[in-house]
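**Q** Here's a structure for you.
Read-outs throughout are calculated quantities, based only on the coordinates presented, and are distinct from any laboratory measurement. Everything quoted here is computed from the prediction, not taken from an experiment. Reconstructed Cβ throughout: ideal geometry from the backbone, glycine too, with neighbour counts over all protein chains shown.
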């Protein structure tokens, strides 16, 4: 990846795939937002995130790279061969993607973290922007972020897998469940899944944060069985 300014220059040379507002597209908008945050704040994106989010939340192990002294704590990432079904190494801890600072800090999917740090973030979102007695985000900001922002017309021509937007919407950076279609699809639940095998959702109705971290990358937009089993088990464990 090139540095942010060069990345933006190249992106600006590409033709539009559709007119703005006509169709939702995944991922790229968050990378653009990361560059704009850095420009507006006059800080590198990681510095901005550390000062505004990570340090106030106690997320001491979250960043765009892992210090050398902590690489022995970073899990090796694996990918599944679609033909044989066997696992092979996708990204090793030492010498891998997160063992050095990136040229482009991706606002869409560049952070590496721990389950404790992720829980602190998920709990802050569930608490409408508060962490203990400290206000991290305004309540209205969190409510806006976790409200479906897509129109029916946008949903009709957008999507990740067939039928996804029949029961889901998209807020500002997170997926939002809009209709119950199984035991785990609780309307109002929001979060997202990482393609390298992580998954987080906060559920205001059930007042819970659920996080799954694996070392195995997804092979399609449809969740793997371990992910489906995890969510089913989490909701089956509710006893009230």
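**Q** Arrange the peptides 29-35, 83-89, 71-77 so that the one whose residues have, on average, the most other Cβ atoms within 10 Å appears first.
**A** Output ranking for 29-35, 83-89, 71-77: 29-35, 71-77, 83-89.
**Q** Continuing with the same structure: Could you work out Rg/(2.2 N^0.38 Å) for the stretch 167-229, with Rg from alpha carbons only?
**A** After normalising by residue count via 2.2 N^0.38 Å, the value is 1.09.
**Q** Would you mind estimating how fast the chain diffuses translationally, via Stokes-Einstein at 10 °C and 1.306 mPa s with the Kirkwood radius over Cα pairs, in µm²/s?
**A** After rounding, the answer is 81 µm²/s.
**Q** Provide 199, 106 in ascending order of the number of other Cβ atoms located within 10 Å of each residue's Cβ, fewest first.
**A** Ordered from fewest to most neighbouring Cβ atoms within 10 Å, 199, 106 come out as 106, 199.
**Q** Connecting C-alpha atoms closer than 10 Å in a GNM of the chain, tell me which of 102, 82, 224 has the biggest fluctuation.
**A** The residue that fluctuates most here is 82.
**Q** While we're looking at this one, here's another question. So what's the convex hull volume per residue for the Cα atoms of the stretch 1-53, in Å³?
**A** Value for the stretch 1-53: 108 Å³ per residue.
**Q** Using the 10 angstrom Cβ neighbour count as an exposure proxy, how do 131, 18, 168 rank, fewest first?
**A** Fewest-to-most Cβ neighbours within 10 Å comes out as 18, 131, 168.
**Q** Quick check on the exposure proxy: order 92, 153 from fewest to most C-beta atoms within 10 angstrom.
**A** Ranked by crowding around the Cβ, least crowded first: 153, 92.
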